[in-house]
Amino acid sequence: MNSSVGKIKERLSIVDVISSYLTVEKAGKNYKAKCPFHNEKTPSFFISSDRGTYYCFGCGAKGDIFSFVEKFEGTDFLGSLKILADRAGVPLTEYKNKEKDKTDIYYEIMEEATSFFENNFSLNKEVRSYILSRGINDNSIKSFRIGYALESWTSLFDYLTKKGFKKEDIETVGLIKKKDSRYYDRFRSRIMFPINDSTGRVIAFSGRIFQDILEVGLPDFGSPTSKISPTSKIVPAKYLNSPDTPLFNKSNVLFGLDKAKNSIRMRDYSIIVEGQVDLILSHQAGFTNTVAVSGTAFTENTTDNESKINNLGLVRRLSSNIIFAYDGDDAGIRAVNRSAMIALSLDMQVKVAIFPKGKDPADIIQEDYKKWEEIIKNKTDIISFHLDKICENTKDKESRRKQTVEKVFPFVSMIESSIKKSNYIKEISEKTSLSENAITEDYKKYEKSQNINNNFNKEKKDESKDISSRKGSLEKRLFAIIFWGGENDEEKSIINELKASFIEDIGKDQYQKILNLYEPFSENLVFEGEKWYSGKIKVLYKEMVEIILNLEEEILNEESYSVLLKIKEKERNKDDMKTDLVAYQKIVEKIEDIKNRRLK
Ligand SMILES: [Zn+2]
């Protein structure tokens with residue numbers, strides 16, 4: 001696989017790859033951009049075309065084109081390999097011929113199953129006409145790869161095992177279930193919507209029941225041809241999703257992201273809807289920047305914040321403007337609220353597009369594309385939306401005030417920017433005709449009373465900040481130069497010479513100790529060294545000499561201090577202090593020497 005990776009790296013420049021995702025600007029020899037992996041206003045994300053790497057000074061994200069695509073697209077290494085190979089026009093031949101690992105087999109099974117369902121779909125007139133009646137057109141059927149799972153217990157199982165796939169593997173990807181040592185298909189008599197990862201590989205299915213038939217729990221394998229038992233009273237779920245598998249994590253997937261990602265980036269906003277059909281119709285209506293949440297992803301109470309962030313984080317990297325398009329009933333609004341709070345805490349601009357109760361986007365789009373356009377256009381800020389509702393529904397100031405605390409403050413408290421917060425306080429005061437002071441007081445009280453746990457988007461502390469003393473900053477600067485190493489012969493020889501004399505002065509052990517301390521930050525420091533000294537030979541020489549002298553002095557000061565402590569202790573214990581005194585004298589001489597060297 002190495003040679004594919006090598007070829008791809010040869011053909012694609014890191015600047016081209018990253019600038020297809022972000023706006024980058026030149027910064028000296030390098031390029032910089034606003035980091036897609038943490039919130040920031042000024043760019044601290046640097047890209048080196050020479051080295052083919054990137055580094056973010058804000059959050060520490062670093063790597064090459066593959067890790068960038070992996071992180072940005074929320075995919076794995078193979079996913080990024082696929083994307084970049086396509087882009088570079090490098091065929092992944094060795095990859096195809098190599099011994100397949102399990103994950104490859106899982107993807108293959110999903111692909112085969114998708115084709116199988118697609119084929120069933122094309123042969124079943126009833127199913128097809130149902131889908132067409134929902135307003136989904138032929139293009140969408142093809143591009144979203146809509147399929148059909150037969151009303152049969154083992155048709156997919158038979159098909160896949162005949163293709164040579166192992167039962168255990170088919171079970172692992174959630175397509176079949178085992179009961180009394182017999183296998184049967186999980187999806188039966190369902191319209192199948194494939195769920196793709198962001199690179200377009202099928203990782204799961206969402207199956208919508210085709211006919212509201214009474215489905216039985218388990219088949220009677222005594223008669224393999226047994227049809228659905230009319231005596232069974234189990235009503236099947238309208239939608240059945242794949243279980244969590246090695247390829248699929250329910251709480252981590254946004255449907256349609258593979259098709260929407262470019263459009264989200266280009267239009268600079270995303271639309272979030274709830275269902276598969278809503279998603280497809282919104283795309284059909286021209287809103288190709290629409291993604292859908294899986295039924296559980298945003299609404300389940302138990303879903304941890306981490307996975308919600310992954311979910312939204314993926315979208316935020318494409319654009320920080322997000323519109324939740326949910327229906328106007330209470331459940332719809334509740335679902336929006338939870339995800340909107342997380343989006344706010346991620347510093348996204350959160351809008352809601354509310355449509356009439358009892359209707360879903362599919363209904364509206366089917367009636368008239370223009371209506372959908374109108375609803376999206378009339379989006380409102382999430383906080384203003386709640387505020388307006390309160391003002392509409394309350395008569396007296398006191399209940400207005402109470403409801404504001406209850407329903408609006410939770411959103412305001414998720415916002416990190418104090419400017420934005422105070423703008424909202426102003427808006428609340430204007431709309432509720434309560435004084436700004438009163439609102440501010442209430443808000444302060446609210447914040448105090450809440451142990452708001454919105455730390456999850458706080459940036460990771462840069463560990464290197466811990467080394468913040470004068471000595472630390474000198475060391476950091478020196479190792480920025482050493483790790484960078486210079487670009488031309490002249491720079492290189494200056495750095496090597498001075499580094500050698502530094503090692504000689506302080507000793508190899510001491511040098512190694514400091515080196516170990518800074519090694520983990522080398523990628524970051526290379527950029528700094530380059531930024532400060534590249535092409536500035538005189539500055540480099542002068543400053544490196546100065547840094548080394550100062551650093552040696554600091555190190556000696558530290559040493560002299562600890563020797564002095566020893567001497568004092570020995571003095572108290574009336575021990576022999578001779579060797580320590582000699583050592584101390586030597587250190588003092590060395591310090592003198594440095595001072596003289598500096599005078600030269
Ligand atoms: Zn960052």
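The values are calculated or read from the model by the stated rules, or taken from the named source; none is laboratory data. Keep in mind that this is a model prediction, so the values were computed, not measured. Cβ coordinates were reconstructed from backbone atoms using ideal geometry, including for glycine residues, and neighbour counts include every protein chain displayed. The protein model used for the area step is the full one, side chains on, heavy atoms only, and it has no ligands, DNA or RNA in it. Shrake-Rupley method; radii C 1.70, N 1.55, O 1.52, S 1.80 Å.
The table that follows gives values for the structure above.
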read-out	value
Accessible area in square angstrom per residue, the chain, 1.4 angstrom probe	50
Label-point separation, LYS426 to THR42 (7 Å along Cα→Cβ), nm	2.4
Global geometry of the stretch 502-548, whether rounded, prolate or oblate, following the gyration tensor of its Cα atoms and the 1.5 cut on a/c	oblate
Modelled FRET efficiency - R0 30 Å, GLU504 with LYS26, Cβ distances, 0.05 increments	0.15
Degrees between helix 418-432 axis and first principal axis of the chain (Cα, 0 to 90, nearest 10)	40
Euclidean distance of C-alpha centroids, the stretch 324-356 and the stretch 149-166, integer Å	41
Gain upon complete extension [LYS492, TYR239; 0.36 nm per residue less C-alpha separation]	84.6 nm
For the chain, calculated [θ]222 nm from helices alone, where every DSSP H run of n ≥ 4 adds -39500 (n - 2.57)	-17000 deg cm²/dmol
Sites SER417 and GLN585, calculated FRET efficiency, Cβ-Cβ separation with R0 60 Å, nearest 0.05	0.55
Ranked packing of 144-156, 569-581, 58-70, most packed first, by mean Cβ within 10 Å	144-156, 58-70, 569-581
Accessible surface of the stretch 484-570, 1.4 Å probe, proportion on carbon and sulfur as whole %	52
Amide H contacts under 5 Å for GLY63, placed H, 5+ residues apart	TYR54
Theoretical gain in end-to-end length, ASP104 to GLU367 [0.36 nm per residue, Cα-Cα removed]	90.4 nm
Inter-label distance for SER384 and LYS179, nm, one decimal - labels placed 7 Å from Cα along Cα-to-Cβ	5.4
Nearest 10 degrees, 0 to 90: helix 489-506 Cα axis against the chain principal axis	70
Residue-span extension gain [ASN557 to LEU517] - 0.36 nm each, minus C-alpha spacing	12.4 nm
Kirkwood hydrodynamic radius (C-alpha pairs) into Stokes-Einstein, the chain, 25 °C and 0.890 mPa s, D in µm²/s	85
Rounded FRET efficiency, nearest 0.05, which uses the C-beta distance separating ARG334 from SER115 and R0 of 35 Å	0.35
